[in-house]
Amino acid sequence: MMKLARFMSLAGIASRRKSEDLIRQGLVQVNGGVVDRPEERVSPGDEVVYNGRPVALPVNYVYLLLNKPPGVLTTLRDPRGRSTVADYIREIKTRVYPVGRLDKDTSGLLLLTNDGELAHRLQHPRYQVKKTYRVTVKGIPAREDIESLESGVELEEGRTAPAEVKVVKIIKKRGEAVLDLTIHQGWKRQVRRMCRKLGWKVLRLKRTRLSFLDLEGVPEGSYRYLSGEEVNRLKKAAGDV
């Protein structure tokens with residue numbers, strides 16, 4: 001048996017905290033009756049329904065690492081017929097979901113899974129899972145610019161957490177720079193907005209690492225399965241000890 005909120009989280013409905021709110025709102029039924037206590041326990045044979053739809057745990061968990069090309073939407077379908085990440089995993093019969101988002105013009109490392117609990121933990125700021133981006137900007141960074149990133153930049157949501165910054169290359173004749181920027185927050189278009197705050201135009205943006213995972217051996221537009229050891233390391237990085 002397990003708590004109902006945890007069951008919903010593992011089923012990919014929402015984070016455990018959000019699931020608790022949904023339960024308190026009376027949106028969840030167990031065996032035909034509304035349950036409004038998140039601590040209510042359910043067994044494998046119980047029938048759980050959320051908002052009129054049956055909820056079930058995945059039989060098998062799938063963990064994929066995709067090297068997303070630029071110009072591709074981080075969603076499974078698009079009503080306008082634009083290219084989505086689903087186009088690159090057509091052979092996968094199990095329904096998986098992107099962990100977080102890369103905007104259309106950002107390429108690189110994207111995880112997809114049906115493990116709802118791990119997905120929510122990887123995105124939760126509490127666990128400070130690091131993400132590294134290779135960013136090419138129009139502009140030559142001054143020392144104070146780097147220090148601003150390392151101490152935090154003021155955005156609409158507030159000050160960003162300190163970033164790790166490595167200057168990879170300066171291209172003086174083009175007035176461009178290539179940086180590796182590591183953050184653990186996941187605000188919308190955060191890296192682009194941090195660069196814009198410093199007066200830089202982002203020319204290219206690619207996520208190259210998530211925690212210890214990188215893109216080695218995964219060409220753009222391809223994917224691979226995570227190994228069992230990688231899944232266990234990822235769970236540990238996300239606070240599942």
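Please arrange R209, R53 by how many other C-beta atoms lie within 10 Å of their C-beta, fewest to most.
R53, R209
What does the C-alpha gyration tensor say about the overall shape of the range 170-219? Classify as rounded when a/c is under 1.5, otherwise prolate if a/b is larger than b/c, or oblate.
Judged from the Cα gyration tensor, the range 170-219 comes out oblate (a/c at least 1.5, b/c at or above a/b).
Please list, in chain and number order, the residues 5+ apart from T84 or on another chain whose amide H is under 5 Å from its amide H, with Hs placed from the backbone.
L73
What ranking of D115, D105 emerges when the number of other C-beta atoms within 10 Å of each C-beta is taken as an exposure proxy, fewest first?
Lowest to highest Cβ neighbour count: D105, D115.
Considering the values (i) 1.03; (ii) 1.14; (iii) 0.95, which represents Cα Rg over 2.2 N^0.38 Å as calculated for the structure under consideration?
From the options (i) 1.03; (ii) 1.14; (iii) 0.95, the structure gives (ii).
By count of other Cβ within 10 Å, fewest leading, how are M2, M8 ordered?
M2, M8
Taking square-rooted eigenvalues a ≥ b ≥ c of the alpha carbon gyration tensor, is the range 99-241 rounded, prolate or oblate, where a/c under 1.5 means rounded and, failing that, a/b exceeding b/c means prolate?
Prolate is the answer for the range 99-241, as a/c is 1.5 or above and a/b outweighs b/c.
Which far-off residues, 5 or more places away or on another chain, put their amide H under 5 Å from the one on G139, with H placed in the peptide plane?
Residues meeting the amide H criterion: E176, A177.
Taking H placed 1.01 Å from N in the peptide plane, check which residues at least 5 places from M2 or on another chain put their amide H under 5 Å from its amide H.
Under 5 Å from the amide H of M2: V42.
Round to a whole angstrom and tell me the spacing of the C-alpha centers of the range 13-54 and the range 80-121.
26
Only helices at least 27 Å long along their axis, Cα-based, and averaging 0.0 or more on Kyte-Doolittle count here, so list those DSSP H runs from the chain.
Span-like helices here: none at all.
Can you give the net charge of the other residues whose Cβ lies under 12 Å from the Cβ of G33, counting K and R as +1 and D and E as -1?
Combined, the nearby Lys, Arg, Asp and Glu give -3.
Divide by every residue of the chain the summed helix terms, -39500 (n - 2.57) for each DSSP H run of at least 4, and state the resulting mean residue ellipticity at 222 nm, rounded to the nearest 500 deg cm²/dmol.
-6000 deg cm²/dmol
For the range 172-178, take each phi angle, set θ = phi - 60°, evaluate the Karplus expression 6.51 cos²θ - 1.76 cosθ + 1.60, and give the result in whole Hz per residue in order, putting x for glycine and proline.
So the J values, rounded to whole Hz, are 4, 5, 9, x, 10, 9, 10.
At 7 Å along Cα-to-Cβ for each site, give me the label-to-label distance between D214 and R17 in nm.
The modelled label-to-label distance comes out at 3.3 nm.
Values quoted throughout were computed directly from the atomic coordinates according to the rules given, and no laboratory measurement underlies them. Everything quoted here is computed from the prediction, not taken from an experiment. Using ideal geometry, Cβ is built from the backbone for each residue, glycine included, and neighbour counts are taken over all protein chains shown.
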